[in-house]
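Peer 1: Provided herewith is a single structure, encoded as structure tokens, for subsequent inquiry.
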Amino acid sequence: MPILEVKNIKKGFGDTDVLKGVSFSMERGQVLAIIGSSGSGKTTLLRCLNFLETPDEGEIWVNGKLLTGENLSDDQIRQNRLHFGLVFQNFNLFPHYTVMKNVTDAPVCVQKRDKNEVEKEAKELLKKVGLDGKENSYPCQLSGGQQQRVGIARALAVNPNVVLFDEPTSALDPELVGEVLNTIKSLAEEGTTMILVTHEIGFAREVASRILFMDGGRIAADGRPEEIIDHPENQRLQQFLNFVNRK
């Protein structure tokens, strides 16, 4: 059984159709990279998966359970979000919370888990992302790369089925990109199921088991990295890769 099934997701804002029927599935342990031009619907798709946006049509299934439906309560939406850990572009940490509080807030307050147990797990997660000893620091005391790694630890803390990354290096200075990509790569090697929206094409080729190319609110190409990046058959994909490679 696929860990995630997305069926015909559509989403519009006003007169603009952003997602025009997106469908895909993925297996446990798979790393799915999504590439495409700005405005192609990549971030909106992640926000629909994490229920920050409500799809106009379509279904989202996790481990055979249907999550979407009409008139979902706030509590149902909160519970649905726990299937997905989202790492934002701009970190989105609570500035008045310590690193530990940022990481443990959702497991304690939303999942109602034991605080001591959650803090013990959080220390291990912070060690995993290279932030051992930073538990009592505040976001303003950290570099951008460190803040993003706190964001990764926070996403992992709810034990999600799938971790979502929304261009996790786009807000970072160039010299800080590598530390975040190395963290994501190590998670992939451990078998973490991930969806990665990224402009880092070389990294997507290295870490992803499969790549989707989105164009105009639809999936225009879907295949293994060597198929999508090394031997693109779709003309629009070829244009996109040529543009990215010229930058």
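The values are calculated or read from the model by the stated rules, or taken from the named source; none is laboratory data. Bear in mind the structure is a predicted one, so any value in this text is a computation, not a measurement. Note that each Cβ is placed from the backbone with ideal geometry, even for glycine, and that neighbours are counted across all protein chains shown. Ligands, DNA and RNA are excluded from the accessible area calculation, which covers all protein heavy atoms including side chains. Shrake-Rupley method; radii C 1.70, N 1.55, O 1.52, S 1.80 Å.
Peer 1: Among rounded, prolate and oblate, which fits the range 4-74 when a ≥ b ≥ c are the square roots of the eigenvalues of its C-alpha gyration tensor, a/c under 1.5 means rounded, and a/b larger than b/c means prolate?
Peer 2: Because a/c hits 1.5 or more and a/b fails to exceed b/c, the range 4-74 counts as oblate.
Peer 1: Which cross-chain or sequence-distant (5 or more) residues have an amide H under 5 Å from the amide H of residue 86, H modelled 1.01 Å from N in plane?
Peer 2: For residue 86, whose amide H was placed from the backbone, the distant partners under 5 Å are 164.
Peer 1: What whole-number distance in Å separates the alpha-carbon centres of the range 42-69 and the range 167-191?
Peer 2: Each part reduced to its Cα centre gives a spacing of 25 Å.
Peer 1: Of all the accessible heavy-atom surface of the range 1-71, with the other protein chains kept in place and a 1.4 Å probe, what percent is carbon and sulfur?
Peer 2: Whole-percent figure for carbon plus sulfur exposure: 40.
Peer 1: Same structure again: Quick check: the distance between the Cα centres of the range 7-24 and the range 221-241, to the nearest angstrom?
Peer 2: 22
Peer 1: Right, something else. Which whole-Hz couplings ³J(HN,Hα) result when phi for each residue of the range 69-75 is put into the Karplus expression 6.51 cos²θ - 1.76 cosθ + 1.60, θ = phi - 60°, listed in order with x for Gly and Pro?
Peer 2: x, 7, 6, 5, 6, 4, 5
Peer 1: Still on this structure: Relative to a virtual label point 7 Å from the Cα of residue 73 in the Cα→beta-carbon direction, which members of the range 107-135 show backbone nitrogen distances below 19 Å?
Peer 2: 109-113
Peer 1: Can you work out the accessible area per residue across the chain, with the rest of the protein chains kept in place, probe 1.4 Å, in square angstrom?
Peer 2: Averaged over the residues of the chain, the accessible area is 48 Å².
Peer 1: Still on this model: Sorted by accessible area with a 1.4 angstrom probe, largest first, how do 194, 1 fall?
Peer 2: So, going from the largest accessible area down, we get 1, 194.
Peer 1: Computed from the mean reciprocal separation of all distinct C-alpha pairs, what Kirkwood hydrodynamic radius does the range 37-84 have, in Å?
Peer 2: Across the range 37-84, the inverse of the average 1/r is 11.4 Å.
Peer 1: A follow-up question, please. Taking the full set of protein chains and a 1.4 angstrom probe, give the accessible area of residue 114 in square angstrom, rounded to the nearest 10.
Peer 2: 90
Peer 1: How high is the relative contact order of the chain? Use alpha-carbon pairs under 8 Å, at least six apart in sequence, and give a whole percent.
Peer 2: 27
Peer 1: Evaluate the relative contact order of the range 48-165 (contact order divided by residue number), counting alpha-carbon pairs under 8 angstrom at least 6 apart; express in whole percent.
Peer 2: 35
Peer 1: Let me ask something additional. Could you work out [θ]222 nm for the chain from helices alone, using -39500 (n - 2.57) per DSSP H run of at least four and dividing by all its residues? Round to the nearest 500 deg cm²/dmol.
Peer 2: About -11000 deg cm²/dmol.
Peer 1: Non-local amide H neighbours of residue 210 (under 5 Å, H modeled in plane, Pro and chain starts lacking H): which ones?
Peer 2: Under 5 Å from the amide H of residue 210: 31, 33.
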